[in-house]
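A quick write-up on the structure given underneath.
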Amino acid sequence: MTQKLFGQILLSKSYCDEESLKRALDVQKVYGGKIGSILLNMGAITEDQLLESLSDQLNIPYLRSVEGLTLHHLPLDGRFLREQNLFPYEETANSVNILTTNPLNSSAFSLIETVTGKKVRAALVREEPLKQLLMAIDEELVSSTSYVDADEEIDKLKELASEAPVIKLVNNVLAKAMELNASDIHFESLRGAMKVRLRVDGILTTVDVVAHSLKLAVITRLKLVSGMNIAENRMPQDGRISLRIAGKEIDIRASSVPTQFGESLVLRLLGKEDIDYSLESLGFLPDQIKIITDLTEKTSGVFLTTGPTGSGKTTTLYAILSLLNSDRVKIITVENPVEYEFKGISQINIRPEIDYTFANALRSILRQDPDIIMVGEIRDGETADIAMQAALTGHLVLSTLHTNSALASIARLLDMGSEMFLLKSTIVGVMAQRLVRRLCPACSVESKFPEELAIRYDLNRILKDFPELQKTPRRAVGCKQCNGSGYRGRMVIAEIAPFNPEIQAIFDEDKSFNDMNRIGYRTMMQDGLIKVMSGWTTLEEVLRVAH
């Protein structure tokens, strides 16, 4: 819906000529304003032509006649409608139809949608007929001794969200999420209701269904406590909540999006306590921990961990930082957002909306004399180049990428524009990981492992390196302790390799090289199968995330 498109509509309808349009554009450059209004004031087009062209551009109706239309009362004060020049004339099961001369009045439409729970369908009308219709609202205001303005309508929403049943419902969901150690809470608006689901150990489970009569109140309550604009429901919003539940401090990152049947919100639960993870507790095997420790004890270089969103990359980097953290080194992290508070480390939130990106933040922290830098994600060539330069100037850089395997991260950096000679000088190691659910120790039972898979992945040879592991596969059953799922908690399966001269030489011949076994390291699938044979997870879990 650009000015050029609007001008093209006028020209295609022969409502104005190119010379008039050019003059109007010249006026707009100097004084601003809307091109249609300028042409109207110049006398180049009529109001009918303006509104008909707007109707085509915005794909909304233009009513030439308003005969027979009467005021449809909404749960809003007439003064608000009068101030906004809005005339509601019809209401259906899903929408409210409103006459206006300003079809882009999104803030007013948003408030109406919030109060009614229905979509606004705007229709264009000429200014004079609209004035005549609005007199019906004027007459009601004159005979009325009181009115409620837009601020009071918002106050009503706040009161609705502060009622005891709504507060109890939201608190119960939060308490249930904490009890089950959920990572996310989904409030999903459906036709006539709202579904509440928890993501526990990576799997979504429905825990409640909110009646339609409480849906708006629950949405308002969540937006209110997370600092969102409760009158805005046409645009996505982000917010944050800090709570103490069951004696535990948590941060909650909230996100809302408009959907077909109302807003849906997702709450990401983040613990405020200091990170106290070890690589061993996350599920890394001793040989993997040794590789990671050797690579990250270097005073400079770049160590990368890769995987999709939700694969535990940031948690792994925090665990590495906990090993490296001491009074002798300065550590700075750049994240979007900071997920966990970490004592003794300077943590920075990037803010893309003010152009404080990973690249810009990385430039600034290099002047803060850090020893170790964690960059939440390398998203582009600019951030990659700055990270490489930081490594060349004596900094250890930990970061993440989105690739499917460890060795694929080299090809990804080359695609971003990084030069191979620079990667050889800076990359010290690459890792890929996924998260699989741990078997519940209270109810799992022994099972058998398919012989064909053991042969395909040369599992017996790999298991010889771990004589201390109990090689007894188990399967999930389900009990009260694991809420019937058969699993409790998650663990890492990973593939890790140093980027040493031998591997670099292979990449000189084949920049898409991706064979961990050829260079003497096991794949993520093989790592997962070891953990299946050890009775820590199931074959189904490993195949679900790594196959």
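State whether one or more residues within the stretch 463-476 are exposed (fewer than 14 other Cβ atoms within 10 Å of the Cβ), of a type outside the set (Ser, Thr, Tyr), in contact (Cβ under 8 Å) with a residue 24 or more places away in the chain and over 11 Å from LEU439 (Cα atoms). Yes; the residues of the stretch 463-476 include at least one that is exposed (fewer than 14 other Cβ atoms within 10 Å of the Cβ), of a type outside the set (Ser, Thr, Tyr), in contact (Cβ under 8 Å) with a residue 24 or more places away in the chain and over 11 Å from LEU439 (Cα atoms). Residue-level check: of (1) more than 23 Å from ASN404 (Cα to Cα); (2) outside any helix (DSSP H, G or I); (3) hydroxyl-bearing (Ser, Thr, Tyr), SER311 misses just (1).
Among residues of the stretch 315-330 being open to solvent by 40 Å² or more (accessible area, probe 1.4 Å) and not in a loop (DSSP other than H, G, I, E, B), the one that is farthest from TYR277 (Cα to Cα) is LEU323. Entry remark, the stretch 331-346: residues being surrounded by 15 or more Cβ atoms within 10 Å (Cβ to Cβ), more than 18 Å from SER242 (Cα to Cα) and not β-branched (Val, Ile, Thr) number 1 in total.
Is it the case that the stretch 487-505 has a residue that's farther than 20 Å from GLY283 by Cα, polar (S, T, N, Q) and free of Cβ contacts under 8 Å to residues at least 24 places away in the same chain? Yes.
Quick one: in the stretch 31-58, of everything that is in a loop (DSSP other than H, G, I, E, B) and surrounded by 15 or more Cβ atoms within 10 Å (Cβ to Cβ), which residue is farthest from the chain's Cα centre (by Cα)?
Within the stretch 31-58, the first condition is being in a loop (DSSP other than H, G, I, E, B), and the residues that meet it are 32-34, 43-46.
Subsequent filtering for residues that are surrounded by 15 or more Cβ atoms within 10 Å (Cβ to Cβ) retains 34, 44-45.
On the way: LYS34: 35, ALA44: 47, ILE45: 46 Å.
Selected residue: ALA44.
Quickly run through the stretch 91-103 and pick out the residues that are closer than 28 Å to ASP48 by Cα, of a type outside the set (Gly, Ala, Ser) and out of contact with any Leu (no Cβ under 8 Å at 6 or more places or on another chain). Selection gives THR92, ASN97, ASN102. Of all residues in the stretch 177-206, those being in a helix (DSSP H, G or I) and open to solvent by less than 30 Å² (accessible area, probe 1.4 Å) number 1.
Taking the listed residues PHE449, PHE507, PHE499, PHE513, the one that is closer than 30 Å to SER183 by Cβ and either open to solvent by less than 30 Å² (accessible area, probe 1.4 Å) or touching a helix residue (DSSP H, G or I) at 6+ places or on another chain (Cβ under 8 Å) (or both) is PHE449, with no other qualifying. Applying the criterion of being assigned to a helix (DSSP H, G or I) and open to solvent by 50 Å² or more (accessible area, probe 1.4 Å) to the residues of the stretch 59-111, the residue that is modelled with the lowest pLDDT is ARG79. When THR357, THR315 are checked against the criterion of being among the polar types (S, T, N, Q) and under 28 Å from ASP527 (Cα atoms), a single residue qualifies: THR315.
If you go through the stretch 406-445 and keep only what is in contact with a Gly (Cβ under 8 Å, 6 or more places away or on another chain) and open to solvent by 50 Å² or more (accessible area, probe 1.4 Å), you end up with just ARG438. Among the residues making up the stretch 112-135, those that are closer than 27 Å to GLU263 by Cα, open to solvent by less than 10 Å² (accessible area, probe 1.4 Å) and at pLDDT 90 or above are ALA123, LEU124. Across the stretch 303-314, what is the number of residues that are at positive phi and surrounded by 20 or more Cβ atoms within 10 Å (Cβ to Cβ)? Total meeting the criteria: 2. In the stretch 8-30, which residue that is at pLDDT below 85 and open to solvent by less than 100 Å² (accessible area, probe 1.4 Å) is nearest to ASP56 (Cα to Cα)? Among those that are at pLDDT below 85 and open to solvent by less than 100 Å² (accessible area, probe 1.4 Å), it is GLN28. With respect to the conditions (1) closer than 28 Å to THR296 by Cβ; (2) in contact with a helix residue (DSSP H, G or I) (Cβ under 9 Å, 6 or more places away or on another chain); (3) open to solvent by less than 70 Å² (accessible area, probe 1.4 Å), ALA454 lacks only one, and its number is (1).
Residues in the stretch 145-176 that are small (Gly, Ala, Ser) and either open to solvent by less than 40 Å² (accessible area, probe 1.4 Å) or modelled with pLDDT of 85 or more (or both): how many?
The number of residues fulfilling the criteria is 3.
Among the residues of the stretch 359-401, the ones that are open to solvent by 20 Å² or more (accessible area, probe 1.4 Å), part of a helix (DSSP H, G or I) and touching a residue at least 40 places away in the same chain (Cβ under 8 Å) come to 1 in all. One residue stands out in the stretch 400-434 among those that are in contact with a helix residue (DSSP H, G or I) (Cβ under 6 Å, 6 or more places away or on another chain) and among the polar types (S, T, N, Q): the one that is nearest to GLY301 (Cα to Cα), namely THR426. Among all positions in the stretch 514-535, there is at least one residue which is in contact with a strand residue (DSSP E or B) (Cβ under 9 Å, 6 or more places away or on another chain), over 26 Å from GLY310 (Cα atoms), modelled with pLDDT of 85 or more and not aliphatic (A, V, I, L, M).
Can you find, within the stretch 477-513, the residue that is nearest to ILE292 (Cα to Cα) among those that are among the hydroxyl-bearing types (Ser, Thr, Tyr) and assigned to a loop (DSSP other than H, G, I, E, B)? Restricting to residues being among the hydroxyl-bearing types (Ser, Thr, Tyr) and assigned to a loop (DSSP other than H, G, I, E, B), the top hit is SER512.
The values are calculated or read from the model by the stated rules, or taken from the named source; none is laboratory data. What you see is a predicted model, and the numbers here were worked out from it, not measured in a lab. When we count neighbours, we look across all protein chains shown, and the Cβ atoms used for this are built from the backbone with ideal geometry, even at glycine. Accessible surface areas use protein heavy atoms only, side chains included; no ligands, DNA or RNA. Shrake-Rupley method; radii C 1.70, N 1.55, O 1.52, S 1.80 Å.
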